1. In percent, what relative contact order does the chain have, based on Cα pairs under 8 Å that are 6 or more apart in sequence?
2. Okay, helix-only estimate at 222 nm for the chain: each DSSP H run of n ≥ 4 adds -39500 (n - 2.57), divide by all residues, round to 500 deg cm²/dmol; what do you get?
3. Could you calculate the contour length gain from residue 72 to residue 19, that is, 0.36 nm times the residue separation minus the distance between their Cα atoms, to one decimal place in nm?
4. Mind putting a number on the dipole of the chain about its Cα centre? Charges go on the C-beta only, +1 for Lys and Arg and -1 for Asp and Glu, and I need it in Debye to the nearest 20.
5. Using a 10 Å cut-off on Cβ atoms, rank the peptides 104-115, 43-54 from the highest mean neighbour count down.
6. Over the chain, with a Gaussian network built from C-alpha contacts below 10 Å, which listed residue (29, 76, 57) shows the highest mean-square fluctuation?
7. For region 61-108, what does the alpha-carbon gyration tensor say about shape, rounded, prolate or oblate, given a ≥ b ≥ c as the root eigenvalues, a/c under 1.5 as rounded, and a/b over b/c as prolate?
8. Please work out how much length the chain gains when fully extended from residue 89 to residue 115, using 0.36 nm per residue of separation minus the C-alpha to C-alpha distance, in nm with one decimal.
Amino acid sequence: MGQVIINADDFGLTNGVNYGIIDSFLYGITTSTTLLANGAAFDHAVALASDHPELEIGVHLNLTLAKPLLPDASTISADGRFHTREYVQQHAASLDLDGVYAERYAQIEKVRIACIKPTNCDSYHHLYMIDRLTSFSL
């Protein structure tokens, strides 16, 4: 018999989201989550994760929310934050893929450095659906 995986994205976005994910894991049907390495509540999520080692945690790769981990990420706007999802979708053909991969690698490494062994990865705003942005690995 197969296994159903119910994943909750955006772990690390806010403390409230983090608590909601933990509650849905403890009292609901969530079986895994994916962590935003550049989320405002990343450290809070890591602390909660240490209290629940049985929760599977992946990386929620992000190119469209808040600030990148690398200052020279290829998808940042003039204000130092990521461009919007719409911008990335419209300009995908001209994005510097080396920069995209470097930012993704930095996000995966930040999660690993926090003593979390990622079980999977997905992408914020479904950017994996853009052909040029589909390749990534743990």
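The values are calculated or read from the model by the stated rules, or taken from the named source; none is laboratory data. Small disclaimer: the values here were computed from a predicted structure and weren't measured. Backbone-built Cβ (ideal geometry, glycine too); neighbour counts: all protein chains shown. Protein only, heavy atoms only, side chains kept; ligands, DNA and RNA dropped before computing areas. Shrake-Rupley method; radii C 1.70, N 1.55, O 1.52, S 1.80 Å.
1. Reported relative contact order: 23 percent.
2. The per-residue figure over the chain is -10000 deg cm²/dmol.
3. 15.9 nm
4. Values: 8 positive and 16 negative charges, 21 e Å.
It comes to approximately 100 debye.
5. Details: 104-115: 17.1, 43-54: 14.9.
Descending packing order for the listed peptides: 104-115, 43-54.
6. 29
7. Cα axes put region 61-108 in the oblate bin.
8. 6.1 nm
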